[in-house]
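See below for the structure under consideration.
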Amino acid sequence: MSVVSSPLDLLHQYFGHPALRPPQVPIVEAAMIGADVLAVMPTGSGKSLCFQLPAVALPGLTLVVSPLISLMKDQVDELVRRGIGAAALHSGQTADERRDVLRRAHGGALRLLYVAPERFASDYFTSALHDWPVSRFVVDEAHCVSEWGHDFRPDYRRLADAADACHRSDNGPGRPPVLAFTATATPEVRDDIVSLLGMRQPQVFVSGFDRPNIELGVRPVSGDREKRALLPELIGKSRSLVYASTRKSAEDASETLVDAGIAAAAYHAGLSDTERTRVQDAFAAGTLQVVCATNAFGMGIDRPDLEVVVHKELPASVEAYYQEVGRVGRDGRPAVATLLWNYVDVKTREFLIDKRDEEGGRGDVEPDPGDQDRRRRLEHLKLKRMVAYADGTGCLRMTILRYFGDPDAGADCQSCGNCLRRAALTEAQLLFVRKILSGVARGGERWGRRNIAAMLVGQAEELPEALASLSTSGLLKDHDSKLIEKWIDALVGAGALSSSPDIYRTLRLTAVGRDVMAGRQTTITLLVPTVRVKAAGGGKKKKAAKAGRSPKRGVPATALAPVAKSAEPDEAMLNALRAWRRDEARTRAVPAYVVLHDKTIDAIAHERPRSLADLGEISGIGPAKLAAYGEAILRVLTGAGVPESRSHGVS
Ligand code: ADP
């Protein structure tokens, strides 16, 4: 290979790619000019090429520290196949094999040498480093240097010294440039990587975390029964993954789906090898539609065409969640990721974190109590960030991208579950909101949401005296206090209320809140709270979930329900429906009532169906009308302010 060839020529020649991917360009450029680089890119986005191409283009040896022997072997095999001198040094080799690799490195036959981090504990190896002209010191999976990362490796702490011990291939002063790569780096991890690897003015690149074709959603549920009711609906006919936190839960999900006539199987570490292989093969071959897995379902299956992923329980961290979510839609086609969210699952996770310590840590080494404490604190912290995602009212995509520090985290994505549910309020909802705001004002802006909600529903026995006899006490007595609390959260999210940044979370009205309360502002957009679907009375096979309805017929199990139930149909919605009917009638050259009767239009505006199933239950909408107009009507409703949930009945 020629040193004078341009990197682009070498890219064609050795790697067979027509061009670098956009995020790779500045990284390769920075590596070529000898800068220290920290690149944060998701798995599969082409990190390896960012150091392999400079390794081929520049004289000297590129050392690559990698923690996984299997990954090392794969990369080395691939490089050798492409005619590039590469080898690996790790504990899986015999002493003879290791000696042979060292000899080839000495002889200058290698462009890339992959090294397991524990090699740097060997004096023999570190002294050899002095003799090799090293052009780049690459640290793959660099988060392993940080205790904040999900797999801390103490051996990574030696790497700063190891890099210092290297002899620069250009004979310049100091150590060779350090390039660090990772797929998971929260700001804490990133800071650790820079300081613990001794990086100097590193150029930092964070890219590629957005997966715009994946629709992210969080679905609040009341418990296991509701989860079971929802699973078949969320999956439908899609090729899917269900993630569960325990083996039992994975089994349970699989049984539920099989009962609903869906080809599903559980996949976890408790299965025999034969059984696991059988599941993997059937899924790969397409005879199995759904795999219900614990996180044991690692790299085993690599289907690019998965359409749906459902998390039946809260994952342990945002990293873990996003990595599992990332397994769907890799072919670029639309995919849906739904997290079923129940606060009880947080308790299970907390229990799992604490229990691991009681069991004496991971291996057979006596655990150090200080380490245990630190680990536990970190895991609780990560769990908290995951809870913040599940419970948040902000744009879900933005929340994740910000978590990873991706600069593509722009404004609201308008396509995640939260963005889609954020709606302008109807008249009736606005009135409801004004009552809540008045409650906060009358209470003297001195109380948190629980007290305000209790006061509004008139739960006198639970109230501090000061709240028991206000003019707003009992003002919303027909409503559920938990739901009012959610509306309060949504009002905080919409900037109409603020809550104090202490444990009391005292509510105050903002300027917007005052204007809305006083009627000076008549529009406000917020994330309308969701009402939990109560699974209809027992039995997995009940059809209650079919249309995603609450047991009370005709009441959509959605956000709009608490106010919409008693509300008059919204004028804007009626007008939108009538305008659509007029156009439709004109197109078909029939009178308007032939398209839909007034009564039916009224019923639609009143019920506000969110799915074809819901629409089909409205009197006056038979199968033919549903087929002819169903989609169009749902679109009109969405345009008129009722957010439509994608394929799944309700949101
Ligand atoms: P990572 O190390 O980030 O997990 P890889 O380096 O394994 O990702 O790359 C993932 C895939 O993308 C590989 O199949 C690789 O050949 C391919 N790839 C990387 N860079 C390019 C490129 N510039 N053009 C086309 N394919 C690329």
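Among residues that are in the same structural domain as Tyr321 (by TED's automatic domain parsing) and at pLDDT 80 or above, Thr426 is not included. Report whether or not Ser45 is within 14 Å of the ligand (Cβ to nearest atom), in a helix (DSSP H, G or I), not aliphatic (A, V, I, L, M) and not assigned by TED's automatic domain parsing to the domain that holds Leu401. Spelling it out, it is not the case that Ser45 is within 14 Å of the ligand (Cβ to nearest atom), in a helix (DSSP H, G or I), not aliphatic (A, V, I, L, M) and not assigned by TED's automatic domain parsing to the domain that holds Leu401.
Gly34 falls short on exactly one of the conditions (1) within 16 Å of the ligand (Cβ to nearest atom); (2) closer than 27 Å to Gly405 by Cβ, and that condition is (1). Of all residues in the range 120-165, those that are under 19 Å from Pro54 (Cα atoms), more than 16 Å from the ligand (Cβ to nearest atom) and open to solvent by less than 10 Å² (accessible area, probe 1.4 Å) total 5. Among all positions in the range 86-104, there is at least one residue which is within 30 Å of Gln323 (Cβ to Cβ), touching a Leu at 6+ places or on another chain (Cβ under 7 Å), within 16 Å of the ligand (Cβ to nearest atom) and open to solvent by less than 40 Å² (accessible area, probe 1.4 Å).
Give Ala589, Ala624, Ala579, Ala605 a once-over and let me know the one that is at positive phi and either modelled with pLDDT of 80 or more or surrounded by fewer than 18 Cβ atoms within 10 Å (Cβ to Cβ) (or both). Even if it seems obvious, please write down each step before you answer.
On the way: Ala624 fails: at positive phi; Ala579 fails: at positive phi; Ala605 fails: at positive phi.
Selected residue: Ala589, the only one of Ala589, Ala624, Ala579, Ala605 that is at positive phi and either modelled with pLDDT of 80 or more or surrounded by fewer than 18 Cβ atoms within 10 Å (Cβ to Cβ) (or both).
If you go through the range 261-288 and keep only what is surrounded by 19 or more Cβ atoms within 10 Å (Cβ to Cβ) and touching a Leu at 6+ places or on another chain (Cβ under 8 Å), you end up with Ala264, Ala265, Val279.
Against the conditions (1) away from the ligand (no atom under 14 Å from the Cβ); (2) assigned to a loop (DSSP other than H, G, I, E, B); (3) aliphatic (A, V, I, L, M), Ala19 satisfies every one except (1).
Of the residues examined, Arg421 is not one that is open to solvent by 40 Å² or more (accessible area, probe 1.4 Å), basic (Lys, Arg) and within 34 Å of the chain's Cα centre (by Cα).
Between Gly44, Gly107, the distinction of being under 27 Å from Pro407 (Cβ atoms) and at pLDDT below 95 belongs to Gly44 only.
So, of the residues in the range 65-78 that are among the hydrophobic types (A, V, I, L, M, F, W, C) and either in a loop (DSSP other than H, G, I, E, B) or more than 11 Å from the ligand (Cβ to nearest atom) (or both), which turns out to be surrounded by the fewest Cβ atoms within 10 Å (Cβ to Cβ)?
Restricting to residues being among the hydrophobic types (A, V, I, L, M, F, W, C) and either in a loop (DSSP other than H, G, I, E, B) or more than 11 Å from the ligand (Cβ to nearest atom) (or both), the top hit is Leu68.
Beta carbons closer than 7 Å, at least 6 apart along the sequence or on distinct chains, pair a first residue in the range 436-451 that is open to solvent by 50 Å² or more (accessible area, probe 1.4 Å) with a second that is of a type in the set (Asp, Glu) for Arg449/Glu485; Arg450/Glu485. With the structure loaded, tell me whether Gly405 is modelled with pLDDT under 85 and either in the same structural domain as Gln521 (by TED's automatic domain parsing) or of a type in the set (Gly, Ala, Ser) (or both) or whether it fails that test. Yes: the conditions hold for Gly405. For the range 409-422, state whether one or more residues are among the aliphatic types (A, V, I, L, M) and touching a Ser or Thr at 6+ places or on another chain (Cβ under 8 Å). Among the residues of the range 409-422, at least one is among the aliphatic types (A, V, I, L, M) and touching a Ser or Thr at 6+ places or on another chain (Cβ under 8 Å), which makes the answer yes. Within the range 223-237, residues that are open to solvent by 40 Å² or more (accessible area, probe 1.4 Å) reach partners that are modelled with pLDDT under 95 with beta carbons closer than 7 Å, at six or more positions or on different chains, in the pairs Arg225/Ala535; Arg228/Lys540.
The values are calculated or read from the model by the stated rules, or taken from the named source; none is laboratory data. Quick caveat: nothing in here was measured; it's all calculated off a predicted structure. All Cβ positions, glycine included, derive from the backbone under ideal geometry; neighbour counts span all protein chains shown. Just so you know, the surface numbers come from the protein's heavy atoms only, side chains and all, with ligands and any DNA or RNA stripped out. Shrake-Rupley method; radii C 1.70, N 1.55, O 1.52, S 1.80 Å.
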